[in-house]
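FYI, it's all coordinate maths here, none of it is from the lab. Quick caveat: nothing in here was measured; it's all calculated off a predicted structure. Cβ sites come from the backbone with ideal geometry, for glycine too, and all protein chains shown count toward neighbours.
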Amino acid sequence: MKVLVTGFEPFGGVEGNPSEDVLPLLPDALGPIQIVKQVLPVAFVDSGWQIAAALTEERPDLVLCLGLKSGAMALELERIAINLDDAYMPDNAGDQPRERPILPHGPDGIFSPLPLKRMQRAIQSTGVPAQLSNSAGTYVCNHVFYVALATARELSPPPPVGFIHLPLTPQLALSRYDRPSMTLEDMRRGLVAALATAIDAL
Ligand code: PCA
């Protein structure tokens, strides 16, 4: 069995992205389950085809996408992806879609099928704060989450897909004194617990 975990490159003038930096800290296997890691560009078009290709080519049994949410106070387990790109700033390729559907005939929203409340409790039991979130926004993270969920539905069997938003690290929050932060080690601990719970439910 195989799990795909993705992160994002830096964007928006922040010098790093914890969703990329935490990937090397995650194990390459959990028991017999292989963990494949991939960094995605913060660009609507390229991130979309890259996550779709990763699902159809790697055929993972479970997909967990990660992204940074500056201002998050906990690991935020996203409940739903919506069929809308509405960028508040240009992406790393200079693209700034406004009120554009991701899939013109796609469903308005797609829920993550993962056991999010159980994953939340598992993260919390390691001493790391975790919350459920009802919006992944309308920027590149929501785009990747939506494309991954829609692509998964085309596969048989469809792999469950989830998305977790991560806070800033203390280092990245230094110049943003009003923003909360979490260490990469805490993120790693919480994410391993979340992955183990999601794998258990397969
Ligand atoms: N966060 C952005 C895109 C990339 C990332 O790490 C978002 O929340 O949409």
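Can you tell me how the range 87-202 classifies by the Cα gyration tensor, rounded, prolate or oblate, using a/c under 1.5 as the rounded cut? Mind showing how you got there, number by number?
Numbers: a/c = 2.52, a/b = 1.11, b/c = 2.26.
Oblate is the answer for the range 87-202, as a/c is 1.5 or above yet b/c matches or exceeds a/b.
Please give me, ordered by residue number, the trypsin sites (Lys or Arg not before Pro) of the range 87-152 that lie in loop per DSSP and have at most 14 other Cβ atoms within 10 Å.
Details: sites: Arg98, Lys117, Arg118, Arg121; in loops: Arg98.
Filter output for the range 87-152: Arg98.
Sum up the charges of everything whose Cβ sits under 10 Å from the Cβ of Pro97, counting Lys and Arg as +1 and Asp and Glu as -1, but leave Pro97 out. Display every interim value, and only then the final one.
Values: positive: Arg98, Arg100; negative: Asp85, Asp86, Asp91, Asp95, Glu99.
Combined, the nearby Lys, Arg, Asp and Glu give -3.
What ranking of Leu64, Leu202, Leu84 emerges when the number of other C-beta atoms within 10 Å of each C-beta is taken as an exposure proxy, fewest first?
Numbers: Leu64 25, Leu202 12, Leu84 18.
Taking fewest neighbouring Cβ atoms as first place, the list is Leu202, Leu84, Leu64.
For every helix of n ≥ 4 consecutive DSSP H residues, a contribution of -39,500 (n - 2.57) applies; sum these over the chain, divide by its total residues, and give [θ] at 222 nm rounded to the nearest 500 deg cm²/dmol. Walk me through the numbers before you get to the answer.
On the way: 6 runs with 64 residues, N = 202.
It lands at -9500 deg cm²/dmol.
Going by how many other Cβ atoms sit within 10 Å of their own, how do His143, His105, His165 line up, fewest first? Numbers along the way, then the final one.
Values: His143 29, His105 6, His165 25.
In increasing order of surrounding Cβ atoms, one gets His105, His165, His143.
Among DSSP beta bridges whose residues both lie in the chain, state the antiparallel percentage, nearest 5.
Numbers: 8 of 30 bridges.
Counting DSSP beta bridges with both partners in the chain, the antiparallel share is about 25 percent.
At what distance in angstrom do the alpha carbon centres of the range 105-128 and the range 1-53 lie from each other?
Value for the Cα centre distance between the two parts: 18 Å.
How do Val22, Val39 line up, fewest other C-beta atoms within 10 Å first?
Numbers: Val22 22, Val39 13.
By the 10 Å Cβ count, ascending, the order reads Val39, Val22.
With each label point set 7 Å from Cα along the Cα-Cβ vector, what nm distance links Ala29 and Leu184?
Label at Ala29, label at Leu184, 2.4 nm between them.
Taking a ≥ b ≥ c as the square roots of the Cα gyration tensor eigenvalues, with a/c under 1.5 meaning rounded and otherwise prolate when a/b beats b/c, else oblate, which class fits the range 1-130? List each step's numbers first, then the result.
Working: a/c = 1.44, a/b = 1.35, b/c = 1.07.
Rounded, because the longest to shortest axis ratio a/c is under 1.5.
Given a 10 angstrom Cα cut-off, can you work out which residue in Pro101, Pro129, Pro24 is the most mobile in a GNM of the chain?
With Cα springs under 10 Å in the chain, the top fluctuation among Pro101, Pro129, Pro24 is at Pro24.
What does the charge count around Gln34 come to, taking other residues whose C-beta lies under 11 Å from its C-beta (Lys +1, Arg +1, Asp -1, Glu -1)? Could the numbers behind the result be given before it?
Working: positive: Lys2, Lys37; negative: Asp28, Glu58, Asp61.
Net local charge, Gln34 excluded: -1.
Taking the chain as a Gaussian network, where each spring joins two C-alpha atoms under 10 Å apart, which residue of Ser181, Ser47, Ser125 fluctuates the most?
With Cα springs under 10 Å in the chain, the top fluctuation among Ser181, Ser47, Ser125 is at Ser125.
Among all the lysines, which ones have a C-alpha under 19 Å from Lys37's C-alpha, if same-chain residues fewer than 8 places away are not counted?
Hits, sequence-local ones excluded: Lys2.
Mind putting a number on the dipole of the chain about its Cα centre? Charges go on the C-beta only, +1 for Lys and Arg and -1 for Asp and Glu, and I need it in Debye to the nearest 20.
Values: 15 positive and 22 negative charges, 124 e Å.
Using Cβ point charges on Lys, Arg, Asp and Glu, the chain gives about 600 debye.
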